[in-house]
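**Q** I'd like to ask some things about the structure below.
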Amino acid sequence: MSSNEQANPQNIAHQGELPFAIVQGEPLSTPPEDLYIPPDALEVFLDTFEGPLDLLLYLIRRQNLDILNIPIAEITHQYMDYVELMRSANLDLAAEYLVMAAMLAEIKSRMLLPRHEEVEAEEDPRAELIRRLQEYERFKQVAVDIDELPRQERDHFLSNVNAIKESKQKVHPDIDLKDIVFAFQDILKRVDLQTHHQIKRESLSVRERMTHVLSKLEGDEFIDFHTLFSFKEGRLGVVVTFLAILELLKSHLIDMVQAEAYAPIYVKTANNEVM
């Protein structure tokens, strides 16, 4: 410790103190004597209760009291303590609380009045207050339930994503018509290389068709020449049938008759004498 510090021991105590304020970079240890603070510069807002009914409901729940049997005297005393606090803080905010305080005082006074047995049972002075408290409790619970529902911009957030659209220009190849023709010719050549010629046995026999024609000419009756042909068999069937008829004529097994040129032709089996 230096000699200066030993000479002034009070400097050590002031080193640990924080300044009252810093104005233009200079610390102030004591407030100025001409400092003026407006009355409304500092305000205290009590957001615990949203109204007189909310305060009454809080007092009833805190003491676990039956809402249908409220001890008016005790509740009124606790309520007035809070109203006095509100009056000292903010008169405008305490106005609605004063209305409820007057209502509680009226209920308390009515309950203190003696009741005569001759008078019929009157309505409980607390009935209207109880009804309002129950209704407020239901609305408050509904508000809590609604607030717990999922809410957009609080529980869920929408995502905004812009789709990336890429516009690509298709470049078509520059192909000459000659190239397409050459390519087509190449395909035709490949097809010719893959094709093959297969010889199949004739499905229709002239001998069998001769037997089939004779079966239709049973008896001595003439039948039309066209009825011997079946057009469903196509050109091959017509040719085979015609060859069979010629073979039968050559063998003198059938006879053909025509009255005149371009007249219908009729066919029948040949006579035995001719056979």
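**Q** List pairs: first residue in the stretch 252-266 and touching a residue at least 24 places away in the same chain (Cβ under 8 Å) and under 14 Å from LEU228 (Cβ atoms), second residue among the small types (Gly, Ala, Ser) and surrounded by 14 or more Cβ atoms within 10 Å (Cβ to Cβ) anywhere in the structure, Cβ distance under 6 angstrom, at least six positions apart or on different chains.
**A** From residues that are touching a residue at least 24 places away in the same chain (Cβ under 8 Å) and under 14 Å from LEU228 (Cβ atoms), the pairs are LEU253/ALA270; ILE254/ALA270.
**Q** Right, here's the next one. Find the helices (runs of 4 or more DSSP H) located wholly in the stretch 1-115 whose residues include 3 or more that are modelled with pLDDT under 80 and closer than 30 Å to LEU133 by Cβ, and list them.
**A** 72-89, 91-112
**Q** Then there's this: Looking at LEU177, LEU246, LEU204, can you tell me which residue is touching a residue at least 24 places away in the same chain (Cβ under 8 Å) and either aliphatic (A, V, I, L, M) or farther than 25 Å from TYR262 by Cβ (or both)?
**A** The unique qualifying residue is LEU204.
**Q** Also: If you check GLU128 against the conditions, is it modelled with pLDDT under 80 and either farther than 30 Å from GLY51 by Cβ or in the same structural domain as ALA105 (by TED's automatic domain parsing) (or both)?
**A** In short, no.
**Q** Another one. Can you tell me which residue is surrounded by the fewest Cβ atoms within 10 Å (Cβ to Cβ) among those in the stretch 235-266 that are hydrophobic (A, V, I, L, M, F, W, C), closer than 18 Å to GLU208 by Cβ and touching an Asp or Glu at 6+ places or on another chain (Cβ under 9 Å)?
**A** Filtering the stretch 235-266 down to residues hydrophobic (A, V, I, L, M, F, W, C) leaves 236, 238-240, 242-246, 248-249, 253-254, 256-257, 259, 261, 263, 265.
Now drop any that are not closer than 18 Å to GLU208 by Cβ, which leaves 236, 238-240, 242-246, 248-249, 253-254.
Now restrict to residues that are touching an Asp or Glu at 6+ places or on another chain (Cβ under 9 Å): 236, 240, 244, 249, 253.
Values: LEU236: 11, VAL240: 20, ALA244: 23, LEU249: 14, LEU253: 17.
Applying the filter and picking the extreme gives LEU236.
**Q** Also: Condition first: loosely packed, with under 11 Cβ neighbours inside 10 Å, closer than 27 Å to ALA259 by Cα and without any contact (Cβ under 8 Å) to a residue 40 or more places away in the chain. Now tell me which residues in the stretch 217-234 satisfy that.
**A** HIS226, THR227, PHE231
So that you can scan it fast, the table gives a plain yes or no per residue for (1) in contact with a Leu (Cβ under 9 Å, 6 or more places away or on another chain); (2) modelled with pLDDT of 80 or more; (3) surrounded by fewer than 10 Cβ atoms within 10 Å (Cβ to Cβ):
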{"position": "ASN162", "(1), (2), (3)": "no, yes, yes"}
{"position": "SER167", "(1), (2), (3)": "no, no, yes"}
{"position": "VAL181", "(1), (2), (3)": "no, yes, no"}
{"position": "VAL191", "(1), (2), (3)": "no, no, yes"}
{"position": "THR195", "(1), (2), (3)": "no, no, yes"}
{"position": "GLU208", "(1), (2), (3)": "no, yes, no"}
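The values are calculated or read from the model by the stated rules, or taken from the named source; none is laboratory data. These numbers come from a predicted model, not from an experiment. Counting neighbours? That spans all protein chains shown, and the Cβs are built from the backbone with ideal geometry, glycine included.
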